[in-house]
Every structure is written in structure tokens, then in C-alpha cells.
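Heads up: the structure comes next, in C-alpha cells.
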Amino acid sequence: MNEKKGINTSELTLLIIGSTIGSGAFGITSDLASAAAPGPAMIAWIIVGIGVLTLVLSLNNLSQKRPDLDSGIFSYAAAAFGPLGEFVSGWAYWLSAWLGNIAFATITMSALGTFFPRLFKNGQNLFSIIVAIILTWVLTFLVNRGIESAAFINSIGTICKIIPLVVFVICVILGFKARIFTADFWGNVAQNAHSAKSGSIFDQIKGSIMVMMWLFVGVEGASVLSSRARTRSDAEKASILGLVSLLTIYIVVSVLPYGVMTRAQLAAGGQPALGAIMQHLVGNWGAALISIGLIISVLVSWLSWTMLPAESLMLMADDQTLPSSWGKVNAKKAPTRALIITGVLQSLFLFSLLFTSYAYNFAYTLCTAAILICYLLVGIYQMTYSWQQQDWGQFTIGLIATLFELMAMILSGWKQVMMVSVGFLPGFIFYLQACKEFGHQVTSKEKWAMALIAIFAVASLILVANGTISIN
């Protein structure tokens, strides 16, 4: 018998859940309450659920039908738009990955403030930033030594994610009051807290999308993990079950709290949001449990995500869209130069947190805006490939995914997308160096594309300077 070894459906589903849940589940409640009342938030969840489902289905379809494209999701951009398309996707993914680590750093420092308020305060003082920088370099050193794939470390992280969330859900269900949940279901009542803003249902839905999309950064890992399944059907089932499970967890964690505290109270809760709710429900021990679970969980996720940005640079160098020196690895097969470059940028960016009162929100919205660019290119290639194959069912899935990513970028994140474009300016210098090194003749279309992105970048800097785009 030659039965293929691999991960079964249930095991793969748990891997997908564990690899996707990060700090967002612990911090979404206050940000969502700032954006929307429960009714509009639930509508936004339906929209986001459909959009993310079509993205996962697109990734599954492309991984099955184009197994030759093996450089991550950048490969699909390359197939659709050539070398520059792969560079744009890969560079955006790199930006997203290390910006996500900034979000990990800020929420970790806030959680430490639960135990050491005089030192860490709200997690945005100079001491917090110094500690975050030290942690950044400790994790960079560990990854450079090849420790990022230790199974027992990931297991600890998964347990620390699940236990506090289960306890939180039980406490919220016990403390849930329907009259509080329905008191301002559509957001028509003026709020007393400045951070909870009333608006039209459309505005509230729009404001919720970027908050929700942060929770799914990394969902593309489902298609990568699916390659380790015993059969394709196992992979397909696990991807759908994993996504449904994630949606259920996120919706319960983010919507049920509207029934235990008013929207204004939730919006003013600070980070980690679940800690503030547990403090309200059961006292100090609840907030401490959330903070301990969050700190361990995020540190483990942070360790894994320290490798991701460096690995993306290595893959791009291997595919000749960055200079070959960026892809060099040490004896432990870790890309040392890419790790150092990423670590330096993360350290510098952490100091920007001194100038914004919404550091966590600022970091994760930029992270999400960057990853939306990658997801958009996946949707476009899903449409292009399906059109060529005359597979109209898959074409429709790609169309929905593309429209959703465009909607998310335009309606709720256009300012962040504009700011992300600034990050491409130094990247183009290295892309042109790679073109020279590998003998790639830059086409007129590529020149026009780079010029257009540069115009967006300059415009965004002007908008930041005149206050139209604010990091606060």
C-alpha cells in the first residue's frame, strides 16, 4: 500500500486556526466599537466573510492548477504582470509582515502595562519602545539561529491563544444582557465617549472593514499549509472549515461584548480590549489572564513573523526581483542580511509611536493596507487564469475577491494605501539594481507603473504634511 502520508482534515484545520489567530482577536473589540454599533458590525462581518472566502477559494484553486508557481503568492502577480508585478506583491508583503510586528510590539507593551503601569504606562512611552526594540533584536537573533520552526514553541502559543479566548467567551455569555445589546443596535444614539462616533450605517460598515481585515492577515498561509495535507479534498475541506471556525471565533469575540458594556465603554477600553472587558466582568484576575495569554501568544507569533519578512526578501532575490545578495543565507539557512535590514527598519519605525496616540491602530492599518495589495493581485490572476481556461465559476470567485479587495482599499483604507506607496520608493532602487544584475530590460510599461506609484507616494507625503492624512 502506498497511502500518502500527510496531515488529515482536522489536524490541518487546527493548524490553520492556530497560524492565523494573533493579537487582533485580543484587541478588536474597542476598535470595532469605535467604528460601529452591533448591527452595522454584523453586516460588515457578512461582507468580510464573503470576501475572505473568495480569496481562500482563489488561493486553493491556483495552488492546485498552477503548482509550478512556488514562490508564495508573489508568483501569481508575476504570472499576471511580469517581474515588476512580483516585486510589487513581494515588497508589499514584506512591508505588511514587519509592520504587523510593530502592532505585535505595541499591544505587548500595553499588556505589560497591566503588571508594570509605572514603567510601561499605556505601552507608548520611551521605556516601552526601548524594550520593544530589544525584543525585536532578541527574536531576530533567535530566527537567525534557526529556531523559528520549533514545534513545541508554536504549540505553547496556540494553547495561550485558545485558553484566554475560551474563558473570555464563557464570561461574556454569562454576563450578556440583551437590553444593552439592543439599546443602540444601529448606532443612532449619540455617544458620550469621543472615540465612539455615530454615523450612517454605511459609514459604520465602511469603518469596520479595515479593523476586521487585520484579523485575516496571514490567511494566505492556509493555502501553504494545505500542501501538507494527505489529499486535495482534505486540503479544501480544511481551508473552508478553518475559515468558518475563524469567522465564528472572531464574530463571537467582537460582537457579544456589545451585550455587556455600552459601545462608548467598549470604545474607551484601550488595549488589550479583552482585558478591559474582563476587568469589568470579573475584576483584576480576568484582565491579568488576558494579558498573560496575550503576551505569550504574541511573543510566539512575533517569533514566527520575524522570519516572514526576511523570507519574502529571500524569495524575491531567488526570483531575480531583488539583488542576489539579499538572498544569501547562513549555515542555519537563515537570510542574515534580510533579517538585519528588517530589524533596523522595525527599530526605527518604533520611535514613530511616540507621535501617535493610536499606535496599535496605526501599525495594523498600515499592515493591512499593504497586504490588501497582495490579495488584490491574487484576485486579478485568478480572473485572468480562469478566463483563459474558460472556467466561469472560478472566474466569478476571482471577480468577487478582486472587487472586495478594491472596495476594502478604497472605502476604508485609501489613506493607508497611499502611505504604503511611500515604502515602494526605496524598493524601486533595489529592483532596478536587480534588473541590471540579471540583465532584465525594464519595459516602458514598468517605467509607467513605477512612475504612477511614485506620484501616489509624493501625493501622500503632501497629504501628510498638510494634515489630510494623519497618523493620529
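The values are calculated or read from the model by the stated rules, or taken from the named source; none is laboratory data. Quick caveat: nothing in here was measured; it's all calculated off a predicted structure. Quick reminder, even Gly has a Cβ in these numbers, built from the backbone with ideal geometry, and neighbours come from all protein chains shown. To get the accessible areas, we keep the full protein, side chains included, count just its heavy atoms, and leave off ligands, DNA and RNA. Shrake-Rupley method; radii C 1.70, N 1.55, O 1.52, S 1.80 Å.
Would you compute, for the Cα atoms of the chain, the largest minus smallest coordinate along each principal axis and list the three values in descending order, in whole Å?
64, 53, 45
Can you work out ³J(HN,Hα) from phi for every residue in the stretch 272-282, in order, using Karplus 6.51 cos²θ - 1.76 cosθ + 1.60 and θ = phi - 60°, giving whole Hz and x for Gly and Pro?
Karplus-based 3J(HN,Hα) across the stretch 272-282 equals x, 4, 5, x, 5, 5, 5, 4, 5, 7, 10 Hz.
On alpha-carbon atoms, Rg over Rh for the stretch 30-78 using Kirkwood Rh? Walk me through the numbers on the way to the answer.
On the way: Rg = 16.2 Å, Rh = 13.1 Å.
Here Rg/Rh amounts to 1.24.
With the Cα gyration tensor of the stretch 405-472 in hand, give its eigenvalues times 5 under a square root as the equivalent ellipsoid semi-axes, listed largest first in whole angstrom. Display every interim value, and only then the final one.
Working: eigenvalues 152, 36, 19 Å².
So the equivalent ellipsoid measures 28, 13, 10 Å along its semi-axes.
If you roll a 1.4 Å probe over the chain with all protein chains in place, what percent of the accessible area is carbon or sulfur? Provide the component values of the computation, followed by the final result.
Values: 13450 of 20030 Å².
On the chain, the fraction of accessible area on carbon and sulfur atoms equals 67 percent.
Scan around residue 230 for amide H atoms under 5 Å from its own, H built in the peptide plane at 1.01 Å from N, and keep only partners 5 or more places away or cross-chain.
7
When averaged across all projection directions, what area in nm² does the alpha-carbon convex hull of the stretch 316-368 cover? Don't jump to the answer; show the numbers that get you there.
Values: hull surface 19.6 nm².
If I average the Cα hull's projected area over directions, I get 4.9 nm².
At a temperature of 10 °C and a viscosity of 1.306 mPa s, determine how fast the stretch 206-328 diffuses translationally according to Stokes-Einstein, using the Kirkwood radius over alpha-carbon pairs as Rh; express D in µm²/s, rounded to the nearest whole number. Don't jump to the answer; show the numbers that get you there.
Values: Rh = 17.8 Å.
Approximately 89 µm²/s, per Stokes-Einstein.
Given R₀ = 22 Å, what would the calculated FRET efficiency be for residue 461 paired with residue 188, taking r from the Cβ atoms and rounding to 0.05?
Details: r = 39 Å, r/R0 = 1.75.
That gives a FRET efficiency of 0.05.
So, for the chain, what is the accessible surface per residue at a probe of 1.4 Å, expressed in square angstrom? Please list the in-between numbers first.
Values: 20030 Å² over 472 residues.
Per residue, the chain has 42 Å² of solvent-accessible surface.
Using modelled amide H (1.01 Å from N, peptide plane; none on Pro or chain starts), what sits under 5 Å from the amide H of residue 322, excluding residues fewer than 5 places away?
Here 317 satisfy the definition.
Just list whichever of 65/445; 237/447; 237/328; 161/237; 161/206; 121/415 have alpha carbons separated by over 31 Å in the model shown.
Values: 65/445 28 Å; 237/447 43 Å; 237/328 37 Å; 161/237 23 Å; 161/206 28 Å; 121/415 29 Å.
Long pairs (Cα-Cα over 31 Å): 237/447; 237/328.
I need the per residue convex hull volume for the stretch 1-149, using only the alpha carbons, in cubic angstrom as a whole number.
On the way: hull volume 31.3 nm³, N = 149.
Value for the stretch 1-149: 210 Å³ per residue.
Report ³J(HN,Hα) in whole Hz for each residue of the stretch 166-171, in order, from the Karplus equation J = 6.51 cos²θ - 1.76 cosθ + 1.60 where θ = phi - 60°; Gly and Pro get x.
Values, residue by residue: 5, 4, 4, 4, 4, 5 Hz.
Using only the alpha-carbon atoms, how far is helix 9-20 inclined from the longest principal axis of the chain? Give it as 0 to 90 degrees, nearest 10.
It works out to around 80 degrees.
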